[in-house]
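Student: Attaching a single structure in structure tokens format; questions to follow.
Just so you know, all these numbers are worked out from the coordinates, no wet-lab data involved. As the structure is a prediction and not an experimental result, all values here were calculated from the model. So basically every Cβ, Gly included, is an ideal-geometry build from the backbone, and we count neighbours across all protein chains shown.
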Amino acid sequence: MRTPRHRMPAESFLAVARGGGGSTTIDRLLAARHSRNLLSLRAVVDLAVRQRHPDAAPALHAWQQLGVLRAAHPAAARRILLYPTVGVWLADTFAALRSTDPARARPAALAQVAAAVAMAAGASVRVEFPTRSSMPGRLALPALGHVLLPPATSAIRLEVAAGAVIVDDGPADGTSWSSLPRLHAGGGLDVRLDQLWSLVDPVVAGPVSRAETTALHTSLAAAWRVLTTNHRRHARALAAAITMIMPVPARSPTTDDTDGLVSGTHPDGAGCVALSAGGDPPSVAAALVHELQHSKLAALADLFPLVRSGHDLRLHAPWRPDPRPLPALVQGLYAHAGVLGFWYRQWHREPHSPGVLHAQVEFGRLRSACRRTAEALLATDGLTVHGRLLVTEIRRAVAHWQRVPVPRTALAIARRAGERPGPGGRPPESRTGDPVPVSP
């Protein structure tokens with residue numbers, strides 16, 4: 001299988017379709033997202049120049065600087081360009097430039113991307129761009145941290161050299177820099193805690209607090225032990241694909257959703273998991289696997305469209321109260337099918353644990369939901385050739401799980417749970433006021 005610039009062997013596509021895909025396949029997916037972000041960067045700069053946007057000149061200059069940095073330091077540039085906040089900023093900026101209010105776009109934030117590449121590479125660069133009345137007292141350098149800014153000036157000037165950043169008219173003692181909180185653990189986990197909209201809306205998307213860092217560290221450490229003990233394949237894939245965690249508020253606990261755990265993925269921010277603190281370790285681990293699947297499928301869709309364009313059909317999703325458009329339903333099916341195998345392994349790896357009934361119930365509930373959803377999707381004419389192949393492989397995998405006997409008590413609970421729609425209502429909000437990207 002080919003696209004104009006990328007290849008994915010048929011066996012790699014099928015491995016992803018079946019819920020897996022090793023490090024080589026994940027590298028291919030990341031390469032596709034990297035190319036997409038580069039093309040989007042060029043499109044943003046070209047559009048800003050054509051529109052004579054106020055940020056056009058600094059954006060074009062930053063694009064030229066980025067080209068020099070990419071040639072000299074490709075690995076550092078790739079790391080920064082793949083960071084989830086860059087993808088979200090690109091999508092938002094491109095949409096804003098094409099809207100009736102292009103002035104709200106911030107194409108000059110490309111200078112922050114160039115500065116981050118230089119800092120990550122230990123290279124030197126000087127960037128300058130105009131301030132706005134809405135500028136906060138800090139500026140995000142994606143994947144790295146925040147620069148504290150001096151009092152209001154007509155322009156922001158940053159100089160990066162030898163891995164440090166200096167702000168014109170800022171303090172000379174190094175206090176202008178604040179690194180992002182990091183969480184790392186054995187097995188390769190190394191993620192930043194950050195706000196997904198830090199480049200889009202720097203006013204309200206401020207740094208992650210110490211309390212948020214502590215709460216998420218506790219949740220993630222316990223969940224990561226579950227993954228590295230019982231689900232090593234998923235742990236390796238998460239370590240390769242996920243670079244950022246965004247803290248979000250939990251839901252109010254309910255009888256159907258006892259711990260209020262919230263997780264989500266933004267399609268333009270693949271590599272980021274939005275996650276609330278709390279939840280028992282297996283449930284947090286399952287949420288991470290679920291969001292990993294979303295990130296993988298979002299990147300796969302960069303290469304192979306899965307749903308025919310212009311198709312407005314909506315279908316019921318067993319895990320949501322509202323009918324879902326086909327792209328969201330395919331995403332939801334893929335992520336839930338991936339978690340189906342997680343709960344089977346969790347059940348059989350810890351058969352005497354207090355959580356075994358929950359694992360059995362989730363397994364029984366999800367296999368029924370995934371079977372019905374796959375059949376409904378295949379009955380439509382809305383899937384592309386690749387989309388139909390993907391859903392067919394999911395249905396085949398789910399059919400295998402149908403043969404697994406589930407204890408009668410767990411199956412009865414699963415059936416009752418399957419009759420109730422998933423959590424509905426207005427999605428919870430992040431600190432930016434934007435809806436949390438709750439999974440489809």
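Student: Counting pairwise Cα distances across region 297-373, what percent come out greater than 18 angstrom?
Tutor: The answer is 50 percent, as a whole percent.
Student: Which cross-chain or sequence-distant (5 or more) residues have an amide H under 5 Å from the amide H of Leu141, H modelled 1.01 Å from N in plane?
Tutor: His146, Val147
Student: Tell me, Trp343, Trp177, Trp89 in order of fewest to most beta-carbon neighbours within 10 Å?
Tutor: Trp177, Trp343, Trp89
Student: Over region 305-421, what relative contact order in percent results from Cα pairs under 8 Å that are six or more residues apart?
Tutor: That works out to 34 percent.
Student: Excluding Gly22 itself, what net charge comes from residues whose Cβ is under 13 Å from its Cβ, given Lys and Arg +1 and Asp and Glu -1?
Tutor: The answer is +4.
Student: If each residue's Cβ is checked for other Cβ atoms within 10 Å, how do Phe13, Phe304 rank with the fewest at the top?
Tutor: Taking fewest neighbouring Cβ atoms as first place, the list is Phe304, Phe13.
Student: Using Cβ counts within 10 Å as a stand-in for footprinting exposure, how do Glu159, Glu212, Glu362, Glu11 rank, fewest first?
Tutor: In order of increasing Cβ crowding within 10 Å: Glu11, Glu159, Glu212, Glu362.
Student: Also, I was wondering about something else. Determine the relative contact order of the chain: mean sequence separation of Cα pairs under 8 Å and six or more apart, normalised by residue count, in whole percent.
Tutor: Across the chain, relative contact order equals 14 percent.
Student: Measuring from the lowest to the highest alpha carbon on each principal axis, how far does the chain reach, largest first, in angstroms?
Tutor: Sorted from largest, the Cα extents of the chain read 70, 44, 38 Å.
Student: What are the residues whose amide H is under 5 Å from the amide H of Leu383, where those residues sit 5 or more places off or on another chain and H is modelled from the backbone?
Tutor: Arg308
Student: What distance in nm lies between label points placed 7 Å from Cα along the C-beta direction at Arg403 and Thr24?
Tutor: The modelled label-to-label distance comes out at 2.9 nm.
Student: Now, a different point. Counting Lys +1, Arg +1, Asp -1, Glu -1, what net charge surrounds Arg78 among other residues with beta carbon under 12 Å of its beta carbon?
Tutor: Here the count lands on +2.
Student: For Thr229 and Ala211, compute 0.36 nm times the residue count separating them, minus their Cα-Cα distance, and round to one decimal in nm.
Tutor: 3.7 nm
Student: Packing-wise, with mean Cβ within 10 Å as the measure, how do 111-119, 293-301, 37-45 rank, highest first?
Tutor: 111-119, 293-301, 37-45
Student: Rg and Dmax of region 305-421, using alpha carbons, in Å: what are they?
Tutor: 14.9, 50
Student: Pick from Ala95, Ala17, Ala221 the residue whose mean-square fluctuation is largest in a GNM of the chain, springs joining Cα atoms under 10 Å.
Tutor: Greatest mean-square fluctuation among the candidates belongs to Ala95.
Student: A further question on this structure: So what are the ³J(HN,Hα) numbers for region 70-87, from phi and the Karplus equation (6.51, -1.76, 1.60; θ = phi - 60°), rounded to whole Hz, Gly and Pro as x?
Tutor: For region 70-87, the Karplus curve yields 4, 5, 8, 9, x, 5, 5, 5, 5, 4, 6, 5, 8, 5, x, 5, 5, x Hz.
Student: Separate question: If each DSSP helix of 4+ residues adds -39,500 (n - 2.57) and the sum is divided by the residues in the chain, what number results at 222 nm, nearest 500 deg cm²/dmol?
Tutor: Rounded to the nearest 500, it is -16500 deg cm²/dmol.
Student: Moving on. With an 8 Å cut-off on Cα pairs and a minimum separation of 6 or more residues, tell me the relative contact order of region 34-180 in percent.
Tutor: Worked out over region 34-180, it gives 21 percent.
Student: Further question on the same structure: Whole-Hz Karplus ³J(HN,Hα) for region 115-122, in order, using 6.51 cos²θ - 1.76 cosθ + 1.60 and θ = phi - 60°, x for Gly and Pro?
Tutor: For region 115-122, the Karplus-derived couplings read 5, 5, 4, 4, 5, 5, 8, x Hz, x marking Gly and Pro.
Student: Right, something else. Can you divide the C-alpha Rg of region 34-180 by 2.2 N^0.38 Å and report the result to two decimal places?
Tutor: So the Cα radius of gyration is 0.98 times the expected 2.2 N^0.38 Å.
Student: What are the residues whose amide H is under 5 Å from the amide H of Met244, where those residues sit 5 or more places off or on another chain and H is modelled from the backbone?
Tutor: Those lying under 5 Å, H to H, from Met244 are Arg192, Val273.
Student: Which three semi-axes in whole Å describe the equivalent ellipsoid of region 1-121, each the square root of 5 times a Cα gyration tensor eigenvalue, listed largest first?
Tutor: Listed largest to smallest, the semi-axes of region 1-121 are 30, 17, 11 Å.
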